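A.B. asks: First the structure, which I've put down as structure tokens, then a few questions once you've had a look.
The values are calculated or read from the model by the stated rules, or taken from the named source; none is laboratory data. Because the structure is predicted, anything quoted here is derived from the model rather than measured. Using ideal geometry, Cβ is built from the backbone for each residue, glycine included, and neighbour counts are taken over all protein chains shown.
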There are 2 protein chains.
Amino acid sequence: MEIKVAKKMLRANDEVAASNRRALGEAGVAAVNIVGSPGAGKTALVERTVLALKGRMTIGVIEGDIATARDAERVAAAGAQVVQLSTGGACHLDAGMVAQGMEEFDLAKLDLLLIENVGNLVCTAHFDLGEGRKVLVVSTPEGDDKPAKYPAIFMRSNALVINKLDLAEAAGCDVSRIRREALELNPELDVFEVSCRTGKGLDGWLNWLTEPAAAKS
Amino acid sequence: MEIKVAKKMLRANDEVAASNRRALGEAGVAAVNIVGSPGAGKTALVERTVLALKGRMTIGVIEGDIATARDAERVAAAGAQVVQLSTGGACHLDAGMVAQGMEEFDLAKLDLLLIENVGNLVCTAHFDLGEGRKVLVVSTPEGDDKPAKYPAIFMRSNALVINKLDLAEAAGCDVSRIRREALELNPELDVFEVSCRTGKGLDGWLNWLTEPAAAKS
């Protein structure tokens, strides 16, 4: 019974996701779904990206949070158009929430839509939002044993951003092990090692994000 | 419809949790449900606790993981009796899984049961496992803005262990802000600042865990 309902919910989500994807494609907006644990640095990556691409691209941001508008305020301060979605306790964004968020933008005027999901390494793997690409942010202090322990989200992402490179040594994290285990699960994954605090490694990420393929949402 | 099913599932869970709680109480086992984000240091806290209490208490550990037996192997190496529960993708332990895990122990011979939940700051808040007390582990590199953003789990925990104190300065984390915001949400919370790596601050945690009240599971 529960499984049947869960499948029905996922199917309904997929239909709305397909409609989001169509609308984004028609408007020529590249959309990226950014997932990761609480504190991995998703908001810091969005801030850095918005600042770096200012003047080059028009960026909209959807901030998904269980509570508070803290992340939205940070991203707005960086200069993006931001829509705050409060999930009211829910552990992930779904396509319907994103459809509501999309209504707040004039899509014809956007180049890029960054969707920051709720901090959750598990549930966010299972809900298509209609994005073009999914980006997983992990941070070195979380440890280097995470890919095999949380495989679904590594398998379903297009890029992996390994953040807080500046803390790797102090945290005793072997970054090459994260990279190796993640690529074993998903050989197609594009991997970037960055520090959103120092700015190190962000060029590769920005190139990936803005490459022509990204426009085919 | 979905809400009705979810409520029914939670009610069924609560019934099994009550039965777990009864069995633990009758056997005089203090049970603790340990929750937190991936990489917060839940397993490190269990390892430290098992090593510190060796010879003083007989400890059983239930390790909840989506995949792999990595945490169970670490904890077994520290000297505890360990049961591995693989959730097969599920984002939290529920009372039924814990009931299955409990069958693997001779409860009459245990003093303490540590249940390490799946790494998830959201979903684990909503499932009673039949534990006596719930302990939330957060780590300083996750940032100092988390309590208000993930309020449910702070409100439903009995103790908060702020781990990775040794990384706080490098991570730019204001530990006093975590403490303040957490206590605003839940003034009853017992808060411990520790480093599972260096061992700093663990005495207070161990006293809390082993105080007579803990036996009243």
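A.B. asks: Go through the range B:147-170 and count every residue that is surrounded by fewer than 24 Cβ atoms within 10 Å (Cβ to Cβ) and either in contact with a Ser or Thr (Cβ under 8 Å, 6 or more places away or on another chain) or within 8 Å of another protein chain (Cβ to nearest Cβ) (or both).
C.D. replies: 9
A.B. asks: Can you pull out every residue in the range B:55-83 that is over 15 Å from the mean Cα position of the chain (by Cα) and within 12 Å of another protein chain (Cβ to nearest Cβ)?
C.D. replies: B:66, B:67, B:68, B:69, B:70, B:73, B:74
A.B. asks: Sticking with this one: Which of (1) within 18 Å of residue B:83 (Cβ to Cβ); (2) surrounded by 24 or more Cβ atoms within 10 Å (Cβ to Cβ); (3) of a type in the set (Gly, Ala, Ser) does residue B:108 not meet, given it meets every other one?
C.D. replies: Only one criterion in (1) within 18 Å of residue B:83 (Cβ to Cβ); (2) surrounded by 24 or more Cβ atoms within 10 Å (Cβ to Cβ); (3) of a type in the set (Gly, Ala, Ser) is unmet by residue B:108, namely (2).
A.B. asks: Another question about this same structure. Looking at (1) modelled with pLDDT under 95; (2) assigned to a helix (DSSP H, G or I), which is the one condition that is false for residue A:52?
C.D. replies: Condition (1) is where residue A:52 drops out.
A.B. asks: Only residues that are surrounded by fewer than 24 Cβ atoms within 10 Å (Cβ to Cβ) and either assigned to a strand (DSSP E or B) or not hydroxyl-bearing (Ser, Thr, Tyr) (or both): list them for the range B:81-90, please. Outline the logic, then answer.
C.D. replies: Just the residues of the range B:81-90 that are surrounded by fewer than 24 Cβ atoms within 10 Å (Cβ to Cβ), to begin with: B:81, B:83-90.
Selection gives B:81, B:83, B:84, B:85, B:86, B:88, B:89, B:90.
A.B. asks: If you go through the range B:117-142, how many residues are small (Gly, Ala, Ser) and either surrounded by fewer than 24 Cβ atoms within 10 Å (Cβ to Cβ) or away from every other protein chain (no Cβ under 11 Å) (or both)?
C.D. replies: 3
A.B. asks: Residues of the range B:14-49 being assigned to a helix (DSSP H, G or I), within 14 Å of another protein chain (Cβ to nearest Cβ) and of a type outside the set (D, E, K, R), which ones?
C.D. replies: Selection gives B:43, B:44, B:45.
A.B. asks: In the range B:54-63, what residues are in contact with a helix residue (DSSP H, G or I) (Cβ under 7 Å, 6 or more places away or on another chain) and either acidic (Asp, Glu) or crowded, with 18+ Cβ neighbours inside 10 Å (or both)?
C.D. replies: Correct list: B:59, B:61, B:62, B:63.
A.B. asks: Another question, then. Output the number of residues of the range B:55-65 satisfying the condition of being assigned to a strand (DSSP E or B) and within 21 Å of residue B:27 (Cα to Cα). First the steps, then the outcome.
C.D. replies: Here is the first cut: in the range B:55-65, the residues assigned to a strand (DSSP E or B) are B:59-65.
Going one step further and asking which of them are within 21 Å of residue B:27 (Cα to Cα), we end up with B:59-63.
Residues flagged as assigned to a strand (DSSP E or B) and within 21 Å of residue B:27 (Cα to Cα) within the range B:55-65 amount to 5.
A.B. asks: Just give me the residues in the range B:104-121 being charged (D, E, K, R) and closer than 15 Å to residue B:25 by Cα, in sequence order.
C.D. replies: Residues satisfying the conditions are B:106, B:109, B:111.
A.B. asks: Also: Any idea how many residues of the range A:89-108 are of a type in the set (D, E, K, R), in contact with a helix residue (DSSP H, G or I) (Cβ under 7 Å, 6 or more places away or on another chain) and away from chain B (no Cβ under 14 Å)?
C.D. replies: Total satisfying the criteria: 0.
A.B. asks: Taking the condition closer than 23 Å to residue B:150 by Cβ, crowded, with 16+ Cβ neighbours inside 10 Å and either among the basic types (Lys, Arg) or at pLDDT 95 or above (or both), does residue A:29 pass?
C.D. replies: no
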